Each structure stands twice: as C-alpha cells, then as structure tokens.
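Engineer: Have a look at this one before I ask anything.
The values are calculated or read from the model by the stated rules, or taken from the named source; none is laboratory data. Predicted model only: the values in this text are computed from it and were never measured. Positions of Cβ are backbone-derived with ideal geometry, glycine not excepted, and every protein chain shown enters the neighbour counts.
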Amino acid sequence: MSGQHKILLLDDDQDLLELYREMLGRLPSRPLIYVATSGARAISLLESEPFALLISDLNMPRMDGLQVLTIVRRKFPHLRTAVMTSVVDPQFRARAYAMGVDLFLEKPNTSQEVNFFMDCIESLLGREVDGGFRGVQSKSLVDIIQLECLSQSSSLLKITNGPVVGKIWFQNGEVIDAETQDLKAEEAFRKILSWRTGAFEILPPEPVRTRTIFTSYQGLLLETAQALDEAQAAPEMAGELPPPEEGGGPPAQAESPLARLAKFNGVEFVIKVPPDTLQFECWGAENPDRIASWVRQSAQRFRTLGDHLQAGQLNQLEGTGPQWSLALASREGTELCVGFSRSMSQELVRETMSKVVAQWVS
Amino acid sequence: MGFLSFRSKPREAEVTSALVRLPSGSCTVDPSGKVVASTLPRAFPGVLVAEITPAVLTTFQAAREAQMPLTEIVADYSALKLTARELRGGAIIFLAPRSLGQR
C-alpha cells in the first residue's frame with residue numbers, strides 16, 4: 001500500500017467528493033483518495049501525512065480555493081496541485097497558474113471530459129513516478145543532464161533561473177542543442193551549467209530540432225567543468241597575488257559581488273538585504289540604513305498585500321522619484337534593491353534590472 | 001454524465017460570488033487613506049481596497065522618511081499589476097489584472 005499515491009480532493013460538496021473519489025479510485029495507478037470539505041481540514045490533512053496531489057475546487061464558503069492554494073504553495077511548495085472547477089473565467093485560470101498550480105481543469109460533464117480529466121490526473125501522477133526535477137534540490141544540473149543522457153532520452157530540459165530561461169535539447173541520449181538569452185549551442189550550454197540553482201522541467205522533444213552541438217555529453221560536461229574551475233580559480237589567484245599598481249599605490253581590493261552588479265549602465269547603487277537579520281550589504285548608497293529598512297518593510301508589505309489579494313507572486317517592485325528610479329527583486333528571501341539614474345526610461349530600467357537579477361542569481 | 005451536469009453546474013453558478021475577481025480600474029485616496037474617487041467595480045470588496053491604500057501610502061511615506069521620495073510605485077505580481085502615483089500626500093492607484101502569458 002505504501003507505493004500508492006495519495007490524492008487529496010477538496011470540495012465543499014460531499015456528494016461530488018464521493019463521485020470523484022470513486023472515479024479517481026479507478027485510475028490505473030490505483031491511488032488512495034482522501035477527501036476534505038473545507039480548506040482548513042485539507043491543510044490539516046496535508047500537514048499530517050504526505051500527499052502526491054491536491055485537487056481543489058475554487059468556489060467554497062469561508063476559505064476559497066485560491067486562498068487554500070496560496071497557503072499550500074507556501075507550506076508545501078513541492079506538492080503537485082490541480083484546480084477542478086466550473087468557473088470558466090480566464091482570470092481565475094491565470095491566477096491559479098500564477099500561483100503555480102500544475103493543472104487547471106473544468107469539472108467534467110460528459111464521458112469524454114471525464115476520460116480527459118482522468119488521463120490528466122494519471123499523467124500528473126505519472127510525472128511524479130517518472131521523477132521530474134521538481135523539488136530535487138540536492139541534484140546538480142550536471143546530475144540531471146547525465147540522467148537524461150544515460151537513459152537515452154529524447155526531451156527538452158527547460159531550466160528557469162530567476163527571470164532567465166535556458167533550454168537544452170536531448171535526442172537519444174545526446175545533447176544536440178542549447179540556448180539561453182542571446183547564446184546558442186555550446187556557449188549557451190556552458191552558460192546554463194554555470195547556474196547554481198534553478199527549477200527544472202522536462203518537456204516532450206521537439207520533432208524537428210537542428211543539431212548544433214556535436215561534442216559528446218561527457219566531453220561537454222568535462223569542458224564546462226574545467227572552464228568553471230578556471231573561472232573560480234582566477235579570482236582566488238588574483239586575491240593571493242594582486243597585480244602591482246602603477247605608481248606603487250596600495251594593492252587593488254577584490255571586487256565585491258555587488259560592485260559587479262553595479263557595473264551595468266545607469267546603476268547608481270545596489271543594496272542586498274538578507275532575511276531575518278538587520279545586516280545588509282551595500283554599494284554606492286548614501287544613506288544605506290534607511291534604504292535597507294525601507295526595502296525590507298516595503299517588500300514584506302507588498303508581499304502580504306499580494307497574498308491577501310490572491311494576486312500571485314510579487315515579481316518586482318519598482319519606484320520612481322526625482323532622484324532615482326528603484327527596482328526590488330527577491331530571491332530565497334533576500335531582497336536586492338538597485339537604484340538607477342533618474343534619466344533612464346522605465347523600459348530601460350526594467351531591461352537593466354532583469355540583467356542585474358540574472359547576474360545576481362547566477 | 002447527465003448526473004454530473006445536474007450536480008455541478010447549477011451549484012457553481014449559485015456560489016460564484018464567493019470568488020473575487022481581481023479588478024481593473026483605479027481609485028484616488030486622500031492623505032488619510034479615504035477613497036475620494038473610484039472606478040473599481042462595486043463587486044470588489046471594500047475591505048481589500050482598505051488593505052491596498054495603506055500599503056501604498058505607507059510606502060510613499062516611508063520613502064520620504066528614508067530621504068528618497070518616490071512619485072510612482074509599481075508592484076508587479078504574477079496575476080496583477082498595481083501602479084500608484086503620489087498625489088500631494090494621497091495617491092491614485094491603478095489595478096490591472098494580467099491574463100495568461102502576459103508579461
């Protein structure tokens with residue numbers, strides 16, 4: 001019994017729950033079906049034992065489906081979630097996907113729709129069985145690529161690293177193409193492998209994809225590992241043996257990570273505010289204490305507001321003033337605030353901020 | 001599957017009001033946070049408007065105190081874009097829901 005998936009069904013209609021329990025119990029993978037008639041009970045059940053999938057209705061009294069999903073996404077980020085509803089409003093579909101649900105389904109009304117619904121749920125459970133990479137925090141990208149190659153897969157590996165997306169195409173266990181931002185082929189592959197964290201998604205292979213990489217995957221991984229080692233060793237070497245300054249001045253200090261972010265055109269200052277501490281890092285700001293405090297409080301305030309509005313994740317917070325334009329981004333609880341020259345247009349600020357964030361997360 | 005049709009559709013229609021659509025529109029608030037003009041739908045709960053306005057006004061106020069006054073704030077959520085412009089201590093707030101695939 002322990003190998004069986006557990007599905008939690010949440011709907012305020014007891015009769016419908018029984019109907020879906022019976023339907024889903026007949027899936028080929030024979031999952032165990034649990035039911036809850038309220039969001040509070042569903043969350044209690046999720047806390048008490050592990051589930052493979054939560055299927056939630058949207059329209060429910062007291063705590064509606066979006067509220068439940070907001071809480072579930074925070075407390076159980078790796079749980080697969082599906083919405084099953086009769087609300088056909090595209091806005092709710094968009095909001096549900098913005099909250100990270102895996103499937104948004106209309107409640108089935110015909111036998112064809114029931115079959116489609118059952119196939120979707122079985123496929124979602126299958127993804128769990130087949131592995132996927134969601135929540136596999138301890139595996140590096142190299143591990144993932146090796147797994148794809150060793151299993152002779154043909155697939156598209158999509159890696160999301162903050163705002164940047166990278167793609168690696170596999171054909172019969174060989175890496176055939178890669179791209180990210182403006183880079184293509186091996187250059188893109190090396191760039192993607194330099195990322196330390198990210199979210200993975202395995203997508204079906206594209207039937208027609210021109211091969212641009214002809215090196216074996218072992219060769220690619222070896223070359224990339226060497227390049228990364230050299231890149232890491234270079235600053236360490238520079239730190240040990242600083243180059244002599246012209247005119248006999250003091251040796252140059254190692255460049256801080258924030259200084260590197262500040263090299264983008266138009267950046268006036270950068271402040272990094274970690275969570276749960278009053279400490280922060282700063283480059284170029286005149287009154288960093290006050291700005292850091294504003295960043296911490298404003299980000300928290302708008303994040304809480306977003307939760308209450310059920311508006312999804314706060315991607316970015318921007319401010320424009322007579323002195324500067326500001327942009328705030330967050331990653332794993334740490335806030336990054338970048339001040340830009342006031343002369344920059346909003347579009348240019350956004351474009352530059354996305355480059356700064358890409359550099360920050362990589 | 002007539003049974004399913006009978007069970008699900010009418011029930012959902014009856015309780016659709018339980019879910020709140022993200023509104024499209026704007027509202028103007030004075031420095032005390034009182035809404036003086038609004039084009040937000042009536043269906044959008046006042047309690048949520050009452051959460052938005054202090055968040056915006058406090059952020060403008062805190063920015064002034066941090067010696068970096070702001071005239072505009074944009075909060076970019078996955079499903080909503082909130083834009084607020086400072087108006088002599090008050091603010092005009094624009095809300096625009098995002099559709100699927102929209103950046």
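Engineer: From A:Ala94, A:Ala42, A:Ala36, A:Ala52, which residue is of a type outside the set (Ser, Thr, Tyr) and at the interface with another protein chain (Cβ under 10 Å from one of its Cβ atoms)?
Structural biologist: A:Ala94
Engineer: Here's a follow-up. Are there any pairs with C-beta distances below 6 angstrom linking a residue in region A:301-320 that is more than 7 Å from chain B (Cβ to nearest Cβ) to a residue that is assigned to a strand (DSSP E or B) and of a type outside the set (Ser, Thr, Tyr), with the two at least 6 apart or on different chains, and if so which?
Structural biologist: A:Arg303/A:Leu314
Engineer: Which of the residues spanning region A:287-300 are closer than 24 Å to B:Leu48 by Cα and either of a type outside the set (Lys, Arg) or at the interface with chain B (Cβ under 7 Å from one of its Cβ atoms) (or both)?
Structural biologist: Scanning region A:287-300 gives A:Trp294, A:Val295, A:Gln297, A:Ser298, A:Ala299, A:Gln300.
Engineer: Taking the condition of being more than 21 Å from the chain's Cα centre (by Cα) and more than 14 Å from A:Thr215 (Cα to Cα), how many residues in region A:151-171 meet it?
Structural biologist: Qualifying residue count for the region: 4.
Engineer: Also: Among the polar types (S, T, N, Q) and at pLDDT below 90, is that true of A:Ser56?
Structural biologist: In short, no.
Engineer: Just wondering, is there one or more residues in region A:280-298 that are in the same structural domain as A:Arg342 (by TED's automatic domain parsing), in contact with a Ser or Thr (Cβ under 9 Å, 6 or more places away or on another chain), of a type in the set (Ser, Thr, Tyr) and within 24 Å of B:Ala55 (Cβ to Cβ)?
Structural biologist: yes
Engineer: Could you please let me know if A:Arg331 is surrounded by fewer than 20 Cβ atoms within 10 Å (Cβ to Cβ), facing chain B (nearest Cβ under 10 Å) and either under 21 Å from the mean Cα position of the chain (by Cα) or within 15 Å of A:Ile271 (Cα to Cα) (or both)?
Structural biologist: Against the criterion (surrounded by fewer than 20 Cβ atoms within 10 Å (Cβ to Cβ), facing chain B (nearest Cβ under 10 Å) and either under 21 Å from the mean Cα position of the chain (by Cα) or within 15 Å of A:Ile271 (Cα to Cα) (or both)), A:Arg331 does not qualify.
Engineer: Just to be sure I understand the filter: pairs with C-beta atoms under 6 Å, separated by 6 or more residues or on different chains, first member in region A:75-90 and within 16 Å of B:Arg21 (Cβ to Cβ), second member assigned to a helix (DSSP H, G or I). Which pairs pass?
Structural biologist: Note: pairs meeting the criteria are A:Val83/A:Ala96; A:Ser86/B:Ser8; A:Ser86/B:Lys9; A:Ser86/B:Glu12.
Engineer: Moving on. For region B:20-29, how many residues meet the condition of being assigned to a strand (DSSP E or B) and surrounded by fewer than 19 Cβ atoms within 10 Å (Cβ to Cβ)?
Structural biologist: The number of residues fulfilling the criteria is 3.
Engineer: When the residues of region A:193-235 are filtered to those that are closer than 18 Å to A:Leu150 by Cα and of a type in the set (Phe, Trp, Tyr), which remaining residue is modelled with the highest pLDDT?
Structural biologist: So the residue we want is A:Phe214.
Engineer: Which number in (1) more than 7 Å from chain A (Cβ to nearest Cβ); (2) modelled with pLDDT of 90 or more; (3) within 30 Å of A:Asp57 (Cβ to Cβ) marks the one condition that B:Glu14 misses?
Structural biologist: The single condition B:Glu14 does not satisfy is (2).
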